[in-house]
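Dropping a structure here in C-alpha cells format, bear with me for questions.
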Amino acid sequence: MEESVAAAQVWRHLASLGCTRSVRRVWVDGAQQYGVEIFQGDTLIASGHHEQQGLANSAALLAAMRILGPPDRRR
C-alpha cells in the first residue's frame, strides 16, 4: 500500500510516541476487510476496518490522532 505524505508524517509522529501498527485481513460476513490496529506499548489505542486498506489506515490514523493529538506542524 502506498501512503500519502500526510499519512507518512502522522505515522512518524506516532512512532515517535512509541506506537506500532498491525495490518491484517479479516473476513466479515463473507467479505474480506482490512484491519489496522495502532498500539502504544501493549495498549490498543485505535483501529480502523474497511474493505480498502487505505481507508482502514485512514480510519485508524484519525482515531489515534483524536487520542494522542496531531503532529506538530512547525517541524
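The values are calculated or read from the model by the stated rules, or taken from the named source; none is laboratory data. As the structure is a prediction and not an experimental result, all values here were calculated from the model. In this analysis, Cβ positions are derived from the backbone assuming ideal geometry, glycine residues included, and neighbour counts consider all displayed protein chains. Keep in mind that these areas ignore ligands, DNA and RNA; they rest on the heavy atoms of the full protein, side chains included. Shrake-Rupley method; radii C 1.70, N 1.55, O 1.52, S 1.80 Å.
For a quick check of your reading of the model, give me the residue pairs whose first member lies in the stretch 1-28 and is within 16 Å of Asp42 (Cβ to Cβ), whose second is in a helix (DSSP H, G or I) and of a type in the set (Phe, Trp, Tyr), with beta-carbon atoms closer than 8 Å and at least 6 apart or on different chains.
Qualifying pairs under 8 Å: Arg21/Trp11.
Next question. Filter the stretch 19-40 for residues that are in contact with a Gly (Cβ under 6 Å, 6 or more places away or on another chain) and loosely packed, with under 14 Cβ neighbours inside 10 Å and give the result.
Within the stretch 19-40, the subset in contact with a Gly (Cβ under 6 Å, 6 or more places away or on another chain) is 24, 26, 36, 40.
Those that are in contact with a Gly (Cβ under 6 Å, 6 or more places away or on another chain) and loosely packed, with under 14 Cβ neighbours inside 10 Å: Arg24, Val26.
So, of the residues in the stretch 56-71 that are open to solvent by 50 Å² or more (accessible area, probe 1.4 Å) and not aliphatic (A, V, I, L, M), which turns out to be nearest to Ser4 (Cα to Cα)?
In this case the residue turns out to be Ser58.
Then there's this: Would you mention how many residues in the stretch 41-55 are closer than 17 Å to Ala15 by Cα and crowded, with 17+ Cβ neighbours inside 10 Å?
Filtering the stretch 41-55 down to residues closer than 17 Å to Ala15 by Cα leaves 41-47.
Cutting the leftovers down to crowded, with 17+ Cβ neighbours inside 10 Å gives us 45-47.
Total meeting the criteria: 3.
Can you pull out the strands (runs of 3 or more DSSP E) entirely within the stretch 1-55 that have at least 2 residues that are touching a Cys at 6+ places or on another chain (Cβ under 6 Å)?
Counting at least 2 such residues, we get 31-40.
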